[in-house]
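The structure appears below as structure tokens.
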Amino acid sequence: MLLPLEGVIDLHLLRADPSEVTRALARRGVDANLIEDIVELDVVHRSLLQRQETLRAEVKAISKEVGAAKKAGDETAAAALAEQSRRLGAEEREAAHEAELAGVALRNELLVLPNIPSSETPDGLGEADNVECSRWWPGSESGAPEPRYEEFQRVPHWEIGEQLGLLDLERAAKLSGSMFPLFRAQGSQLLRALGSYALQQHSDAYEEIRPPTLVLTETLMSTGHLPKFSDEAYALERDGLWAIPTAEVPLTSMHKDEILKEDELPRRFTAQTACFRREAGAAGRDTRGLLRLHEFDKVELFAYVTPDQAHEAHMDILRRAEQLLQDFGLYYRVLDLCCGDLGGSSARTFDLEVYAPGCDQWLEVSSISWFADYQARRANVRFRPADGGSIQFVHTVNGSALAWARIWAAIVENGRQADGSVVLPDVLSPYLNDTVIPVR
């Protein structure tokens, strides 16, 4: 299914001020020549559409003249006009074909054009330019020093998981190949407890959803995952379906092609799903344990909002994700991603990274993004202002709260004791038989 051109990017803005769009996207490293090509394609496409409409109008007018000539008994004039109509009809069909080809070319260029970054997004072209906003650790509010880790906490989670019977990566590989996890016993219970705790914490304001795991191509296109990231997605070609890389995908299209009322906004959803990613290009990067997986569980927070509500909704998801990390007692930092490190659909993103002492790494566990109307244009989700003004596209915000595989790893590494047992966060006790995983 082809998205309408107005559902790809704000063409009115591009037509009105191409130099401003070029300047804004240059902050993301987008070549100015690409914008120039799109503007030229748009001019050609509109010119061809105009020619098609002009020819169609001429054909209709001549058809009326043919009828009038026949009514007057002037068969010679009627035949000449009919021949002229056939010739113009062929030209119209050719113009329509050329317009369609130009439209497809324009659409293909627009589909991979990233979102315009927020003016507040830091400049920079890579992760080295991301801005660290803050750090938190237990006691940091009262001036406690940064954590110091004991030698027994410097054991990676994959070793702890094997020693305590929590993680069986060897059998997982036997079942599905590399980079798929198999949790066991209290390891599996911990994973379930994390999701249950988070969903309960969000239930005050977010409607819990259990969306399908497989979605249509147009659903994956709405978030901007297609066509750019097709190599990283799992496709079921026979059925025209895709395994979701995040619950963001189905949640974004919950109200596809609908017009909401302003007083219905914000509409907030949360969902826990399995997420599937090929992790293309991961070769040479650390893929041990749970650091980089093809399948993992994640709780997502998502909201449709008005433009005026967007900032507070974005901050609400950030606060909730941070609160979970604090509840688990994990040392974390907040990064404000620079323009060059943003996901293609995002206008502004904050990443949360937890410190895992056994891996001795900062692990990204959440990306919290404001997309402005970029995704809503693709999904065609709009709202009717309460004051009766023109119908507008909603804004979308979403974030992980949280991605569990790396949280699992950080909790197990942080909670390891001198005797090899693992102490789990107290807040999870209602969902666990025991918050201590003993040595076997």
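Couple of notes before you dig in:
- Derived value for region 5-111: Kirkwood hydrodynamic radius 16.3 Å. Basis is the mean of 1/r over every pair of different alpha-carbon atoms.
- When the chain is treated as a GNM with alpha-carbon contacts under 10 Å, the residue of R56, R87, R382 showing the greatest mean-square fluctuation is R87.
- As a rough footprinting exposure proxy, the listed residues W158, W370, W136 were ranked by other beta carbons within 10 Å of their own, and the order from fewest upward is W136, W158, W370.
- Centroid-to-centroid separation of region 79-117 and region 146-173 [C-alpha atoms, Å]: 61
- Rounded to the nearest whole Hz, the Karplus-based 3J(HN,Hα) values (6.51 cos²θ - 1.76 cosθ + 1.60, θ = phi - 60°) of region 305-316 follow the sequence 9, 7, x, 5, 8, 4, 4, 5, 5, 4, 5, 5, with x at glycine and proline.
- Taking every alpha-carbon pair under 8 Å whose residues sit at least 6 apart, region 22-155 reaches a relative contact order of 31 percent.
- The mean sequence distance of close C-alpha pairs (under 8 Å, at least 6 residues apart), as a share of the length of the chain, puts its relative contact order at 20 percent.
- Counting only lysines at least 8 places from K256 when in the same chain, those with an alpha carbon closer than 28 Å to its own are K228, K298.
- Residue exposure sequence - R348, R319, R192 - by fewest surrounding Cβ within 10 Å: R319, R192, R348
- Among D360, D42, sorting on how many other beta-carbon atoms sit within 10 Å of each Cβ, with the fewest leading, yields D360, D42.
- Converting phi to 3J(HN,Hα) with the Karplus coefficients 6.51, -1.76 and 1.60 and the offset θ = phi - 60°, region 413-429 yields 5, 5, x, 5, 9, 4, 8, x, 6, 10, 9, 9, x, 4, 5, 8, 4 Hz in sequence order, with x at every glycine or proline.
- Summing Lys and Arg as +1 and Asp and Glu as -1 over all other residues whose Cβ lies under 14 Å from the Cβ of V423 gives a net charge of -4.
- Gaussian network model of the chain, springs between alpha carbon atoms under 10 Å - residue of E109, E146, E65 with greatest fluctuation: E65
Laboratory data are not the source of any read-out in this text; all were calculated from the coordinates shown. All of these numbers come straight from a predicted model, not from anything done at the bench. All Cβ positions, glycine included, derive from the backbone under ideal geometry; neighbour counts span all protein chains shown.
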